[in-house]
Amino acid sequence: MAARSMRPPRASTGPSARASLAVALLCALLAGCANTPQQQEMAELAPKESPADLYVNMAAAYYQSGKLDIALERGLRALREDRKNPKAHYVLGIVYQALGKTTEAAQSLAEAVRLDPDNPDFHNARGSLLCLQQRYGEALAEFQQALQNPLYKTPEVALVNAADCTRRAGDATASERYLREALSRNAQYAPALMAMARLNYQRGAYLDARGYLARYSRSGPATPEALLLAYRIETALGNRNDAKALARQLRQRFPDSPQIMQL
């Protein structure tokens, strides 16, 4: 892939790449992510919106801006308003996970699922946490529960999470199957394209890896990880000039990234 095919990085909306995915999930589920935390604080209750819902939306907005301490306080306030609000437990689970409080995150996400067992986003979030805890069987069961809902708007998200989970569990065949299914649902889903590019590079299918990364570059940001993978692919293909140009891009755009040490 030619160096110039990598697109400039997009502005980040969260404290990390993993947090950005959680933000997207929160914004898909909760109202108000387009607003700043201050705008959320000033918002008036909609006719059908409870005080707990308002604090949930505040928590999501503060989480989006990286203010985890305030997000936690607003999430806890939502619970004080209504302990049976499943979105309050869900947003708290995401915030607790970002804070490294795994036990609390697990409890909050389990309660969200208990209160609203038909919500696919809750099952997907709980599955992701279970996978990080190496509870792979339970995690996959949660992803499958999410995927069984015909109204799930973003099944590709759960499919990519299932792919990552089966990869961690050592089942490369199942991981690739999940990735391909994710792309069959959404052919431009950037995380699936990146994962397929990485998988093909690792197996030595460099032209296929380049093709997936080219597709990724049309829908995903030019991250340090993407530029490093592009550099490695072009190096493996013997395209020294393109590889050098990609290395230069990585150094110029992300001078402090650890990926520079892997060039």
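Read-outs: derived from the displayed coordinates by stated rules, not from any lab. Predicted model, so just to flag it, every value in this text is computed and none were measured. Neighbour counts are summed over all protein chains in view; Cβ atoms, including those assigned to glycine, are modelled from backbone coordinates with ideal geometry.
For this structure, a couple of remarks:
- Whole-Hz ³J(HN,Hα) from phi, Karplus 6.51 cos²θ - 1.76 cosθ + 1.60, for the stretch 134-145, glycine and proline x: 6, 9, 5, x, 5, 4, 5, 5, 5, 4, 5, 4
- Prolate/oblate/rounded label for the stretch 45-185 (Cα gyration tensor, a/c 1.5): prolate
- Projecting the Cα atoms of G75, P86, Q97 onto the charge dipole of the stretch 54-127, computed from C-beta unit charges around the Cα centre, puts G75 farthest toward the positive end.
- Proximal lysines relative to K101, as straight alpha-carbon distance under 24 Å, when same-chain residues fewer than 8 apart are discounted: K67, K84, K87
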